[in-house]
Amino acid sequence: NGLVKSQINLGFSEDAAKTLENVLAEQPGNKEIYYLLSDCYLDMNNPSEAERVISQLLQHEPADYLKLLNLTEVYLKNNDLESAVRILLVTSEQLLVNGKAEELTKWLNEILARNPEQIDALRMSVRVASWQRDPQDLKDALERLAEVARANNSVDDERYALSQLVIVAPQETQNAQRLQEIITEYGYVEVEPIDATITGQGLF
């Protein structure tokens, strides 16, 4: 541990990684080695290798899922929003179940600040609002999803968002009108209402 951290601090992360890979080959169940090795690759700005190592770690220690958030941070530093969202998708359920909705929201907001039309991040925002049972946040998230989905011709997402808005905000009749247009044009059968999802069972 001391040797590796010294190498990292001196700028020799690549050498440290090689050392750790050799140790890991001999001690494949050593949790500390996975941690150190992933830190080496993150320090080297090599998130793909770090992801490989963290994935192996989680096979041994699923409870260490928070290590994935280090990957999210590096992917965002590299402006790789797709990979950052992909990692959040993997860990979002565990974050919610373990009371870390605010942590998930923080990352989603950063992604959406860079790309307000990132559809997967918008879907997760709806999921978080549903989990937290906040009607106003849910309405706002659904409206954003519906707007972006319509602009990008993502009919399924728009239809879903509108079908939930009809329940959440029945007084806003334009949602029902637009939903009916989609159903008529594409021949959809209306989806189930959001009642079950408000209980925290999830939207998607």
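Annotations
- Among the residues of the range 173-193, those identified as under 22 Å from Arg127 (Cβ atoms) and part of a loop (DSSP other than H, G, I, E, B) are Tyr188, Glu190, Val191, Glu192, Pro193.
- Residue match in the range 118-126 (condition: at pLDDT 95 or above, part of a loop (DSSP other than H, G, I, E, B) and either in contact with a strand residue (DSSP E or B) (Cβ under 7 Å, 6 or more places away or on another chain) or open to solvent by less than 80 Å² (accessible area, probe 1.4 Å) (or both)): yes
Conditions (1) open to solvent by 10 Å² or more (accessible area, probe 1.4 Å); (2) touching a residue at least 40 places away in the same chain (Cβ under 8 Å); (3) over 11 Å from the mean Cα position of the chain (by Cα), marked per residue:
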residue	(1), (2), (3)
Leu71	no, no, yes
Ser83	yes, no, no
Asn98	yes, no, yes
Ile111	no, no, no
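- Within this structure, Glu181 fails the test of being of a type in the set (D, E, K, R), within 12 Å of the chain's Cα centre (by Cα), surrounded by fewer than 17 Cβ atoms within 10 Å (Cβ to Cβ) and at pLDDT below 95.
- Filter result for the condition that a residue is surrounded by fewer than 18 Cβ atoms within 10 Å (Cβ to Cβ) and farther than 23 Å from Val168 by Cα, over Gln94, Gln132, Gln136: Gln94
- Residue identified as out of contact with any helix residue (DSSP H, G or I) (no Cβ under 7 Å at 6 or more places or on another chain) and under 26 Å from Ala113 (Cβ atoms) among Leu71, Leu66, Leu76: Leu66
- Taking residues in the range 1-23 that are free of Cβ contacts under 8 Å to residues at least 12 places away in the same chain, and partners anywhere that are surrounded by 14 or more Cβ atoms within 10 Å (Cβ to Cβ), the pairs with Cβ atoms closer than 7 Å and at least 6 places apart or on different chains are Asp15/Gln7; Val23/Ile33.
- Of all residues in the range 142-165, those that are within 20 Å of Arg86 (Cβ to Cβ) and either open to solvent by less than 20 Å² (accessible area, probe 1.4 Å) or assigned to a helix (DSSP H, G or I) (or both) total 5.
The values are calculated or read from the model by the stated rules, or taken from the named source; none is laboratory data. Note that the structure is a prediction, hence the values are computed from the model and not measured. With ideal geometry, Cβ positions are generated from the backbone for all residues, glycine too; neighbour counts draw on all protein chains shown. Please note that ligands, DNA and RNA were not included when accessible areas were found on the heavy atoms of the full protein model with its side chains. Shrake-Rupley method; radii C 1.70, N 1.55, O 1.52, S 1.80 Å.
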